[in-house]
Amino acid sequence: MNPLSTPHNAHAPPLRRWPQTGYPAMLTATAAWHVLVLGAWLLAPRAWPWWLAAIFANHAVFTVAGLLPRTSLLGPNWTRLPAGGRNADAIALTIDDGPGPDPVVTPQVLDLLDALGVRATFFCIGEKARRCPELAREIVARGHALENHSQVHVHTFSVTFPGALRREIDAAQRTLEELSGERPMFFRAPAGLRNIFLEPVLRKLDLRLAAWTRRGYDTRERDPQVVARRLLNGLAARDILLLHDGNAALTVDGKPLILAVLPRLVEAARERKLRFVTLREARVDG
């Protein structure tokens, strides 16, 4: 039997709710800042331009933070695997924006991962999975993890209000669970961009935000050697790597970048005595 054909749950810790932590310090700080500015305005209303500027400055800080995919200023964010003996020699391969862009690329990726003996974490878009339901089921059946990358992957995600954020993420939760039989445990924001409202929404949906340690920029780079070099330069235990099966660029001979990069990436990682795990397998909370 192919070792990757066993049920996904046989290799991952049992599902459980994430530990509940406090809201991000920045969220508390901005609430306090707004109260302080309001008090200052009541005491000195004629200085209102200064108080208005203070509010704009506060919002600018959050806007910049939302543009930094790997920051934890807006809440917990996996940019590396958790520390601990389980992950001392582990790295995670994450694959975004699929399944697709048609029913061709992702099956080739799955076959190649089988041949390489690697399990990956697929961050899938709900609407794409709905168009290719058999691929969502196949990802899980082959031992990989299927996680939430939003329902439609809108470019305005980082400026969306809480209600719309929740509807977008929850729609993907329901879609991916319906198709695969497993409820996603991780969320990755479209392009990694987010805002102040995201962390409270993720808490309510019992999701953990995951970014990456290094990426190959394979959505716009056509040279697989360049992409591989970006991923391998400084590669170390607990790194989270990002590639794409959807929206990936093509090599000069028309091959999806991910298919050209994976063999050399896996070979180089194993030469460094590193093993691949899914994000679920890397958990240290149970």
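The values are calculated or read from the model by the stated rules, or taken from the named source; none is laboratory data. Since we're looking at a predicted model, the values are computed, not measured. FYI the Cβ positions are ideal-geometry reconstructions off the backbone, even for glycines, and counts take in every protein chain you see. Quick note on the areas: whole protein, heavy atoms, side chains included, nothing else; ligands and nucleic acids left out. Shrake-Rupley method; radii C 1.70, N 1.55, O 1.52, S 1.80 Å.
Structural remarks
- Filter result for F186 (within 18 Å of the chain's Cα centre (by Cα), within 15 Å of W212 (Cβ to Cβ) and not small (G, A, S)): yes
- Subset of the range 100-110 that is out of contact with any Pro (no Cβ under 8 Å at 6 or more places or on another chain) and modelled with pLDDT under 95 - its residue that is farthest from F197 (Cα to Cα): V104
- The residue that is nearest to T219 (Cα to Cα), among those in the range 72-99 that are modelled with pLDDT under 95 and either part of a helix (DSSP H, G or I) or among the hydroxyl-bearing types (S, T, Y) (or both), is S72.
- Condition check for L113: closer than 28 Å to G234 by Cβ, modelled with pLDDT of 95 or more, of a type in the set (A, V, I, L, M) and not in a helix (DSSP H, G or I): no
- Inside the range 266-276, residues that are surrounded by 19 or more Cβ atoms within 10 Å (Cβ to Cβ) and touching a helix residue (DSSP H, G or I) at 6+ places or on another chain (Cβ under 6 Å) make up a count of 1.
- Among residues of the range 232-286 being in contact (Cβ under 8 Å) with a residue 40 or more places away in the chain and of a type in the set (D, E), the one that is nearest to A88 (Cα to Cα) is D239.
- Condition broken by V152, with the remaining ones in (1) hydrophobic (A, V, I, L, M, F, W, C); (2) crowded, with 21+ Cβ neighbours inside 10 Å; (3) part of a loop (DSSP other than H, G, I, E, B) satisfied: (2)
- Among (1) farther than 21 Å from R137 by Cβ; (2) of a type in the set (S, T, N, Q); (3) open to solvent by less than 20 Å² (accessible area, probe 1.4 Å), the one test that T175 misses: (1)
- Within the range 19-37, the residues that satisfy the criterion of being in a helix (DSSP H, G or I) and at pLDDT below 75 are A25, M26, L27, T28, A29, T30, A31, W33, H34, V37.
- Within the range 228-255, the set of residues being open to solvent by less than 20 Å² (accessible area, probe 1.4 Å) and either of a type outside the set (A, V, I, L, M, F, W, C) or within 28 Å of D102 (Cβ to Cβ) (or both) comprises A228, L231, D239, I240, L241, L242, L243, H244, D245, G246, A249, T251.
- Members of the range 38-71 found to be aromatic (F, W, Y) and modelled with pLDDT under 70, listed by number: W51, F56, F62
- Scanning the range 101-143 for residues that are within 25 Å of D170 (Cβ to Cβ) and of a type in the set (V, I, T), we see that the one that is surrounded by the fewest Cβ atoms within 10 Å (Cβ to Cβ) is V140.
- Against the conditions (1) open to solvent by less than 30 Å² (accessible area, probe 1.4 Å); (2) in contact with a helix residue (DSSP H, G or I) (Cβ under 8 Å, 6 or more places away or on another chain); (3) assigned to a loop (DSSP other than H, G, I, E, B), E221 satisfies every one except (1).
- Filtered by the rule that a residue be in contact with a Pro (Cβ under 6 Å, 6 or more places away or on another chain), under 21 Å from G246 (Cβ atoms) and of a type in the set (A, V, I, L, M, F, W, C), the range 174-221 gives L176, L179, A211.
- Members of the range 116-149 that are in a loop (DSSP other than H, G, I, E, B) and under 11 Å from D96 (Cα atoms): A120, I125, H149
- Residues of the range 155-172 that are in contact (Cβ under 8 Å) with a residue 12 or more places away in the chain, open to solvent by 40 Å² or more (accessible area, probe 1.4 Å) and not charged (D, E, K, R): H155, V159, F161, P162.
- Scanning the range 208-218 for residues that are in a loop (DSSP other than H, G, I, E, B) and open to solvent by 10 Å² or more (accessible area, probe 1.4 Å) yields a total of 3.
- Among the residues listed as G246, G234, G254, the single one being in contact with a Cys (Cβ under 9 Å, 6 or more places away or on another chain) and in a loop (DSSP other than H, G, I, E, B): G246
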